[in-house]
Structure formats: C-alpha cells, structure tokens
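The values are calculated or read from the model by the stated rules, or taken from the named source; none is laboratory data. All values derive from a computational prediction rather than experimental measurement. Because the Cβ atoms are built from the backbone with ideal geometry, glycine has one as well, and the counts that use them run over all protein chains shown. These accessible areas exclude ligands, DNA and RNA; they are computed on the full protein's heavy atoms, side chains included. Shrake-Rupley method; radii C 1.70, N 1.55, O 1.52, S 1.80 Å.
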Amino acid sequence: MTVMTILEIPDSGLREVAEPVAHVTDETRTLIDSMFDTMYAARGIGLAATQVGVHSRVVVIDLQEGEDEDGKPVRDPKAFVNPELVWQSEELSRYNEGCLSIPEQYAEVERPARCRVTWLDRDGAAHEEEMDGLLATCMQHEIDHLNGVLFIDHISRLKRDMIVKKVAKARRAA
Ligand code: K1U
Ligand code: ZN
C-alpha cells in the first residue's frame, strides 16, 4: 500500500496542466493503485494525479458508500486515463463540493448536470459514457484538477478569499 502526499493550496503544482498518457503501462497501473490507496486513506470520493504531484492525465473515483456484513467497506474503484469531456448539458446542477487539496472547506458549485466522457481504462481499452448526478460533478471536478483548475475558481472572489484565508490560518495553527 502506497499513500502519497496530497498537495494543498497554495502549492503551485495544483495549477499545472497535466500531460496526456501516451501508453497505458505497468507504471500507469502502479500510479492508479497508489492513487486509490491515497484516496481511500483520505476518505475522498475522487482524486486526480495532479493532486499527488504527478502531471499525467489520470483520475480515480469511487462513489460507493457503506460496509458489508463483516464491516468491510464496499468498494467500486473506477480509473480513468486521459478522461475527456466531449459534451456537457446546458442544464446546470449545484453541489456542495469539497476538495482533498482544500481541507475541510466546502462551497456550492454550479456545473453542467450531465456530461459525456471518453477515457481509457487500466488495460488501455477505450470507453465513452454519459454521466449524471454525483459522478458527473466529481468527474468534472477531477478533470478541472488535470487542467490546473480548483472548485474555488468557480465561486465568488469573496467566498474564495475567505476559504484561502481559513486554510492558511488552519495551517499556521497546526
Ligand atoms: O478531487 C478531490 O479533491 C476529491 C473530492 C472529490 C469531490 C467531492 C465532492 C464534489 C466533487 C468532487 C473529495 O472527495 S472531497 C471529500 C468529500 O467531499 C466527500 C468525501 C466522502 C463522501 C462525500 C464527499
Ligand atoms: Zn479536488
């Protein structure tokens, strides 16, 4: 198990644009496994490679909640290599988003309610799917990370400045 360090604001690495993965290799699969270890350890529902300082277009998501009868978490790990938004609905939806790179801060973000995404899986096979609900929100949040964009870029300057100040204050107190 490899738990990587998650970059937090204002780390400039979070503003880099990630490069496409040329070929899905064992190195890609090792990165994906470490990203799942890191995401589960941080109790997140998604993670982009950018957040662990790797500037490759790789995202992991697991929206599954709950435990089995033995108390073990039920999991539904999904890996996305080179995810691309090929369509976004005009209809918008709001979600109170969080971010593992902006600890303990949440804000309402408006995004397209549905999106169509293409990607490669961990074996290099191509997929295309229309997503809605929390999966659409999370996928758009993660693709934003690959483009150096954070959820606080979608809210008012006043709210953004408040969140940035709160994170800085919490870090000074730690
Ligand atoms: O990319 C990240 O920083 C992970 C982020 C994903 C995300 C959450 C909410 C909306 C959009 C994207 C998180 O997982 S933050 C943690 C969190 O909000 C959460 C954790 C467990 C259950 C539900 C939410
Ligand atoms: Zn995030």
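Brief remarks follow.
- Over the chain, the fraction of Cα-Cα pairs per 5 Å bin, rounded to whole percents and listed from the shortest bin up, is 1, 8, 16, 21, 21, 16, 10, 5, 1, 0.
- Solvent-accessible surface of region 1-40, averaged per residue with a 1.4 angstrom probe and all protein chains in place: 60 square angstrom.
- Relative contact order of region 28-70: 32 percent, from C-alpha pairs under 8 Å at least 6 residues apart in sequence.
- Evaluated with a Cβ-only charge set (Lys, Arg +1; Asp, Glu -1), region 90-157 carries a dipole of roughly 180 debye about its Cα centre, given to the nearest 20.
- Region 27-75 and region 81-142: distance between their alpha carbon centers, rounded to Å: 15
- Positive-end residue, region 53-174 charge dipole about Cα centroid, Cβ charges, pick of Val58, Gly124, Ala79: Val58
- Across every pair of non-identical alpha carbons in region 61-159, the mean reciprocal distance, once inverted, gives a Kirkwood radius of 14.9 Å.
- Placing R0 at 35 angstrom, the Cβ-Cβ distance between Arg15 and Glu67 gives a FRET efficiency of 0.40 after rounding to 0.05.
- Remark: the chain carries a charge dipole of roughly 1040 debye about the Cα centre, counting +1 on each Lys and Arg Cβ and -1 on each Asp and Glu Cβ.
- Accessible area per residue in Å² at 1.4 Å probe, computed on region 85-174: 57
- Protein accessible area in the chain, 1.4 Å probe - carbon and sulfur %: 48
- For the chain: relative contact order, % (alpha-carbon pairs under 8 angstrom, 6 or more apart): 23
- Working note: 222 nm ellipticity from helices only, DSSP H runs with n ≥ 4, each -39,500 (n - 2.57), summed and divided by the residues of the chain, gives -9000 deg cm²/dmol to the nearest 500.
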